[in-house]
Amino acid sequence: MGVNVSSDIAKQYDTQAANNVDVVIVGAGFAGLYTLYNLRNQGLKVILLDAAGGVGGTWYWNRYPGVRVDIESMEYSYSFSEELQQEWSWSERYASQAELLRYLNHVADRFDLRKNICLNTRVAATVFDEKTDKWEVETDSGRKITASFCVMATGFLSAANQPKFPGMESFEGEQYHTARWPEGGVDFAGKRVGVIGTGSSGIQVISEIGSKVGHLNVFQRTASFSIPLRNCPMPKDYEKSFKENYPEWRRLQREESFGGYVSCNYKPVERLTQNAMDISPEERLAVYEDRYKSGGLSMYFNFPDVFVDKAANDTIADFLRGKIKERVNDPETAELLTPRGYPALVRRLCADTGYYETYNQDNVDLVDVSGGEIELTPKGIEVKGKEYELDCIIFATGYDALTGALTNIDIRGEGGRQLKEEWSDGPRTALGMMTAGFPNMFFLNGPGSPCPFYQPVLLGEEQGGWVGDWIMDMRAKGLTRMGAKKSFQNEWVEHSSEVVNATLFPLANSWYMGKNIPGKSSVGLVYFGEPADYRKRCANVLPSGYDGFELSGPQK
Ligand code: NAP
């Protein structure tokens, strides 16, 4: 696919004035921008709305120190335009947030997307009109837009999780959340800083600011597994070989990868079929060392049984624990940083740049908050009866993943039912793309999809493509309503539950399982099956005559 924006289409309406469109897309991240490009190219009248002041989605808001992607840049990028793939040069193996934002802005300009984008526009509510088969979309400024279809590209890690700690209002210092970082940055020089949270975001911010602050207290509830990211300037020969073979890399990502990424030690990795428990400890160790040497998320390129067999998983967990000990000088701190009580890889593996070594600095202390309750006081944080005086607190407390960005909007479907209510016991979707009772609304990287295990940029492109195919086919047939059948949705949720229950993933308190948010249900959150199978099912919706979905034309 190349640049193919007809200027007639692009000029056909004024985005600020158009309140009657074919499609409203919510969210200007990777998935939303591609879908805008695709749908507009098909001649549809599209408006993309985003609450942010710029494009980029989660990469717009996540500007905290040290933030960068932990999937390789060459893979974490659009595949839809060969020209774009060839023209763009990533400066580092793992792109920083600033570079990702430059890329997404470049895409918005290069494909002339901005004329269809309304920024600083938060969608407050959407109501389905059963007489017209259209959505009435209302923004927080009161603007009303009527659309035949809504595409929710709201991001699966975008709604910040801000726990309500007692005493929050009393704290006299500064408070920041990694997912909503101030645009101008923050100067921490000489300050006493506290970080709550040691997931991927916490680990990045701690590693980056540790040497710059006066003093750092890290408040850890659960220790994470982390391996070195091994970021570096992009090796030119690697970039060249990637660009020469992009179709094959993309094929491997889509059809043969574990999670939509395939590069290990700068080569496409071969998927392991042998079990860890069927080979010698030495052979196993050689694979673990190889992945560790590659860095980043390469550890996920692993033996199939490590995800389903606790004994197999113990071998990799022990390997990773051993590496932590090697990196931390103080044995007591090393032990506190060592994850225990849950399997490796089933909470998202973290990838760090000097994280463990940060604790070897005199100005950095680890505070174990497990079994205690964090309270904010005017002067700092109190936990387990001890007060830590602080000038700033950083909440690296993650996201209300997958559902939060959707349930934060007052979405009303057939019979006026509210999506938030419908999903109160966990999100129920058909293929992660629609939910019964909410016709003509599609989710990209939504709950019930494999997005955390299938590179979200590629999944967003594919889902945006399927949505385009379905809409255009409906138009050609004079159909105005597409909805998921409840029976098919139930089958999908049941199948998803069976898949996850056969793995070790339920054994950890993770955002994959909804367990990072008190009271949240894990039902239907993530599809843990093979992404390649998932892709086939979605691609088959149209050829099968919309098996699992129901379609109808205008009401007489
Ligand atoms: P996260 O993995 O959910 O980590 C949140 C941290 O906050 C955990 O350590 C959690 O402790 C702690 N926390 C939450 N509520 C708490 C409370 N009430 N009291 C004490 N501690 C509390 O969130 P994240 O670090 O933002 O990462 C989320 C996901 O975003 C990652 O898994 C990854 O997929 C993505 N991400 C990627 C990158 C990258 O590409 N490099 C960077 C950042 C994020 P518990 O573990 O005990 O709950």
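In this entry, Arg284 passes the filter for residues that are more than 12 Å from the ligand (Cβ to nearest atom), more than 20 Å from Pro506 (Cβ to Cβ) and surrounded by 21 or more Cβ atoms within 10 Å (Cβ to Cβ). Picking from residues in region 485-526 that are more than 23 Å from Gly199 (Cβ to Cβ) and part of a loop (DSSP other than H, G, I, E, B), the one that is nearest to the ligand (Cβ to nearest atom) is Ala502.
Checking Arg110, Arg192, Arg114 one by one, the residue that is of a type in the set (Lys, Arg), at pLDDT 95 or above, open to solvent by 50 Å² or more (accessible area, probe 1.4 Å) and in contact with a Gly (Cβ under 7 Å, 6 or more places away or on another chain) is Arg192 and no other.
A count restricted to region 63-90 and to residues that are open to solvent by 10 Å² or more (accessible area, probe 1.4 Å) and among the β-branched types (Val, Ile, Thr) stands at 2. Which condition number in (1) touching a strand residue (DSSP E or B) at 6+ places or on another chain (Cβ under 6 Å); (2) within 16 Å of the ligand (Cβ to nearest atom); (3) open to solvent by 10 Å² or more (accessible area, probe 1.4 Å) is the one that Leu252 fails? Evaluating Leu252 over (1) touching a strand residue (DSSP E or B) at 6+ places or on another chain (Cβ under 6 Å); (2) within 16 Å of the ligand (Cβ to nearest atom); (3) open to solvent by 10 Å² or more (accessible area, probe 1.4 Å) leaves (2) as the failure.
Within region 220-264, the set of residues being assigned to a strand (DSSP E or B), farther than 14 Å from Ser73 by Cβ and touching a residue at least 60 places away in the same chain (Cβ under 8 Å) comprises Gln220, Ser226, Ile227, Pro228.
Results for (1) near the ligand (Cβ under 9 Å from one of its atoms); (2) outside any helix (DSSP H, G or I); (3) touching a His at 6+ places or on another chain (Cβ under 7 Å), shown as yes or no for each residue.
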| position | (1), (2), (3) |
| --- | --- |
| Ser148 | no, yes, no |
| Gly155 | no, yes, no |
| Gln175 | no, yes, no |
| Ala179 | yes, no, no |
| Gly184 | no, yes, no |
| Asp187 | no, yes, no |
| Thr198 | yes, yes, no |
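Taken over region 540-550, the residue count meeting the criterion of being open to solvent by 50 Å² or more (accessible area, probe 1.4 Å) and touching a residue at least 24 places away in the same chain (Cβ under 8 Å) is 3.
List the number of the failed condition for Asp133; all other conditions in (1) among the acidic types (Asp, Glu); (2) crowded, with 19+ Cβ neighbours inside 10 Å; (3) not assigned by TED's automatic domain parsing to the domain that holds Gly448 hold. Asp133 satisfies all of (1) among the acidic types (Asp, Glu); (2) crowded, with 19+ Cβ neighbours inside 10 Å; (3) not assigned by TED's automatic domain parsing to the domain that holds Gly448 except (3). Identification of strands (runs of 3 or more DSSP E) wholly contained in region 321-391 with 2 or more residues that are buried (at least 16 other Cβ atoms within 10 Å of the Cβ) yields 350-352, 364-368, 380-383.
The values are calculated or read from the model by the stated rules, or taken from the named source; none is laboratory data. Keep in mind it's a predicted model, so treat the numbers as computed, not measured. Methodologically, a virtual Cβ is constructed for each residue, glycine included, from the backbone with ideal geometry; neighbour enumeration extends over all protein chains shown. Accessible surface areas use protein heavy atoms only, side chains included; no ligands, DNA or RNA. Shrake-Rupley method; radii C 1.70, N 1.55, O 1.52, S 1.80 Å.
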